[in-house]
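Contents: one structure, followed by commentary.
The values are calculated or read from the model by the stated rules, or taken from the named source; none is laboratory data. Note that the structure is a prediction, hence the values are computed from the model and not measured. Cβ coordinates were reconstructed from backbone atoms using ideal geometry, including for glycine residues, and neighbour counts include every protein chain displayed. Each accessible area value is taken on the protein alone, full model and side chains, heavy atoms only, with ligands, DNA and RNA left out. Shrake-Rupley method; radii C 1.70, N 1.55, O 1.52, S 1.80 Å.
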Amino acid sequence: MAKKRIGILTSGGDCAGLNAVIRSVVHAASHKDWEVVGILDGTAGLLQRPMQYRVLTANEFDGNVMRQGGTILGTTNKGNPFAFPMADGTLKDRSYEITDGFKELNLDAVIGIGGDGSFAILSKLAKQGGINMVGIPKTIDNDIGMTDTAVGFDTAVAVATEALDRLQPTAASHDRVMILEVMGRDAGHIALAAGIAGGADVILLPEIKYTIENVAAKIKSVKDSGRNFGLVVVSEAVKTLEGAKYEVEFADGQKRYGGIGNYIGMKLSQATGSECRVTVLGHVQRGCPPTYNDRLLATAFGVKALQLIEEGKFGRMVAWQNRQVVDVAIEDAIAAYQEVDREGTLVHTARALGISLGD
Ligand code: F6P
C-alpha cells in the first residue's frame with residue numbers, strides 16, 4: 001500500500017472529544033505507516049506564512065490527550081476565508097491562500113473535523129483547490145443532518161444533566177425554581193435531552209413556541225402537588241414573548257446567543273410569585289473530558305475516515321446511523337440540518353411524563 005500524507009484540522013467551536021478523534025486518526029494511520037500533519041487553528045493556520053502545522057506522531061497520544069477537552073490543534077470559528085475581515089474593515093477573498101497552502105503541504109487528503117458551517121467552507125475550498133476531503137461531524141448542538149449524533153453532543157448533555165443534579169438539592173433547600181440556560185444554537189437538542197434526563201418540569205426549545213401562562217401553570221401545579229421546587233431548562237435560542245432573540249454583541253461585532261434564561265426567570269417570578277434563580281451554563285458544556293460515548297464515537301469516526309481515504313471516497317462525511325458508522329455526502333448532510341423533531345420520540349417522551357414544553 002502506498003504511503004500517504006494526511007492533513008487533519010479542527011474547525012468551528014471546540015467540544016469534548018476532538019482530541020480523541022485526532023488520536024484515533026494518528027494511531028490508525030501509524031498502523032498503515034501513513035503520516036499525519038496537524039494543521040493549527042483550523043484554516044487560519046494556512047493563512048499564515050510560514051504556515052502553521054506540525055507532524056503528529058502516535059507516541060504523543062499514548063497518555064492524557066484523548067481524555068482532554070478542547071483541541072490540541074486549536075480552532076477558529078471566525079474569519080470565513082471567502083470573505084475575510086481585514087484590518088481596514090473590508091472583506092477579502094483569501095481562499096486561494098488556503099488552497100495554495102494545502103497544495104504546498106503535499107497532502108493526499110485532508111480530514112476536516114467540524115460542524116455544518118465549517119463543512120460548507122471546507123467543501124467549497126476542496127472543490128476550488130481539488131482537495132480530497134473527508135469530514136468528521138462534531139458539534140455540541142447535534143444539528144448536523146444524516147447522523148444520529150456528532151462528537152461532543154453526549155458530553156454537553158452529560159454536563160447539563162449534572163448541572164440539574166446539582167441544582168435540584170439547592171432548589172429544594174430554598175423552595176426555589178431553578179432556571180438552567182443551555183447552549184445548542186438554533187436547535188434544542190441539548191435542552192430536550194438534558195431536561196428529560198435531569199428531571200426538569202419545563203423544557204423550552206427554540207422549535208416550540210411557549211407562553212409564560214403555560215410555564216407558570218406547570219410550576220403552580222408542581223407546587224400544588226406539594227413539591228417545593230421546580231426545574232426549568234431553557235435553550236439559548238428561545239425567543240422573548242415578542243419574538244426577539246436574546247443575544248450578546250461583542251466588541252468585534254460578533255453576536256452570540258445568551259441571557260434568555262434571565263428573561264424567563266424574571267417573567268416566571270412575576271407570574272408565579274416563586275423565587276427564581278438562573279444559571280447560564282455556557283462553555284462549561286464544551287471544555288471537559290469527553291464521556292465514554294464521545295470517545296467511542298470519536299474513535300470509530302477516525303478509523304472510518306482513514307478507510308474512506310484508502311478507498312478514495314472523498315467529499316464524504318462519516319456518520320452514525322443505526323448502531324453503525326457509515327458515510328454520506330457532505331453536501332447532503334449540510335442540507336439536512338437537524339432541529340428537534342416536534343413529533344419525535346423525545347418530545348413525545350417529555351409530554352408523556354407531563355413535562356411542559358410551554359405550548
Ligand atoms: O455551536 C457550538 C456553540 O457552543 C453553540 O452552542 C453556541 O451558541 C456557540 O457555539 C458559542 O460560540 P462561541 O464559542 O463563539 O461563544
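Things worth noting here:
- Residue within region 18-27 that is in contact with a Phe, Trp or Tyr (Cβ under 7 Å, 6 or more places away or on another chain) and open to solvent by 10 Å² or more (accessible area, probe 1.4 Å) present: yes
Conditions (1) at positive phi; (2) buried (at least 17 other Cβ atoms within 10 Å of the Cβ); (3) free of Cβ contacts under 8 Å to residues at least 40 places away in the same chain, marked per residue:
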{"residue": "Ser11", "(1), (2), (3)": "no, yes, no"}
{"residue": "Lys32", "(1), (2), (3)": "no, no, no"}
{"residue": "Val36", "(1), (2), (3)": "no, yes, yes"}
{"residue": "Leu40", "(1), (2), (3)": "no, yes, yes"}
{"residue": "Thr57", "(1), (2), (3)": "no, no, yes"}
{"residue": "Thr76", "(1), (2), (3)": "no, yes, no"}
{"residue": "Leu125", "(1), (2), (3)": "no, yes, no"}
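- For region 70-111, filtering for residues that are over 27 Å from Asn19 (Cα atoms), away from the ligand (no atom under 16 Å from the Cβ) and touching a strand residue (DSSP E or B) at 6+ places or on another chain (Cβ under 8 Å) leaves 7.
- A count restricted to region 298-311 and to residues that are open to solvent by 10 Å² or more (accessible area, probe 1.4 Å) and of a type outside the set (Gly, Ala, Ser) stands at 6.
- Arg67 being among the basic types (Lys, Arg), more than 16 Å from the ligand (Cβ to nearest atom) and at pLDDT below 95: no
- Val110 vs. criteria under 30 Å from Ser225 (Cβ atoms), touching a residue at least 12 places away in the same chain (Cβ under 8 Å), among the β-branched types (Val, Ile, Thr) and surrounded by 20 or more Cβ atoms within 10 Å (Cβ to Cβ): no
- Pick from region 313-346, criterion of a type in the set (Gly, Ala, Ser) and without any contact (Cβ under 8 Å) to a residue 24 or more places away in the chain, ranking: farthest from His189 (Cα to Cα): Ala329
- Residue match in region 4-17 (condition: of a type outside the set (Lys, Arg), in a helix (DSSP H, G or I), within 16 Å of the ligand (Cβ to nearest atom) and within 23 Å of the chain's Cα centre (by Cα)): no
- Filter result for Asp100 (part of a loop (DSSP other than H, G, I, E, B), without any contact (Cβ under 8 Å) to a residue 40 or more places away in the chain and either open to solvent by 40 Å² or more (accessible area, probe 1.4 Å) or of a type outside the set (Gly, Ala, Ser) (or both)): no
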